[in-house]
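Report on the structure given below.
The values are calculated or read from the model by the stated rules, or taken from the named source; none is laboratory data. None of the values given here were measured: they were computed from a predicted structure. Cβ atoms come from the backbone with ideal geometry, glycine included; neighbour counts cover every protein chain shown. Areas reflect the complete protein model, heavy atoms only, side chains present, ligands, DNA and RNA absent. Shrake-Rupley method; radii C 1.70, N 1.55, O 1.52, S 1.80 Å.
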Amino acid sequence: TSNGEIPLYIDVLCQYRNKLINFLNTQKIELRPSLPSLHSASYFETSDKFENSKIFEEQGVVLPCGPAQSLENINCVIDALELFGRENR
């Protein structure tokens, strides 16, 4: 951020993904669940197994991100995540 840059996507894992998504929705913050694991995505048409991708399908979310996000928005998301963490220990 010191150079005015933030990642295009911020992928994180949360054991309580659905609960986190619902909580942040009440805070007017939208998350995007991660895409299906590679071996269950029909568009790949493969019989290979990618077991390491399953955790992202089950627990992954993409936080609000991108170059248009202001530091105020980023701090709002951080505050909401901290609140969720305190309430779900």
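Worth a mention:
- The number of residues in segment 1-38 being in contact with a Ser or Thr (Cβ under 7 Å, 6 or more places away or on another chain) and farther than 16 Å from C65 by Cβ comes to 2.
- Test: E72 is in a loop (DSSP other than H, G, I, E, B), out of contact with any Gly (no Cβ under 9 Å at 6 or more places or on another chain) and of a type outside the set (K, R): no
- Within segment 8-32, considering residues that are open to solvent by 60 Å² or more (accessible area, probe 1.4 Å), in contact with a strand residue (DSSP E or B) (Cβ under 9 Å, 6 or more places away or on another chain) and not polar (S, T, N, Q), the one modelled with the lowest pLDDT: Y9
- Condition met for S53 (hydroxyl-bearing (S, T, Y) and part of a helix (DSSP H, G or I)): yes
- Note on segment 33-43: among residues that are in a loop (DSSP other than H, G, I, E, B) and not aliphatic (A, V, I, L, M), the one that is surrounded by the fewest Cβ atoms within 10 Å (Cβ to Cβ) is P36.
- The residues of segment 56-75 that are within 22 Å of C14 (Cα to Cα), touching a residue at least 24 places away in the same chain (Cβ under 8 Å) and open to solvent by 70 Å² or more (accessible area, probe 1.4 Å), listed by number, are F56, E58.
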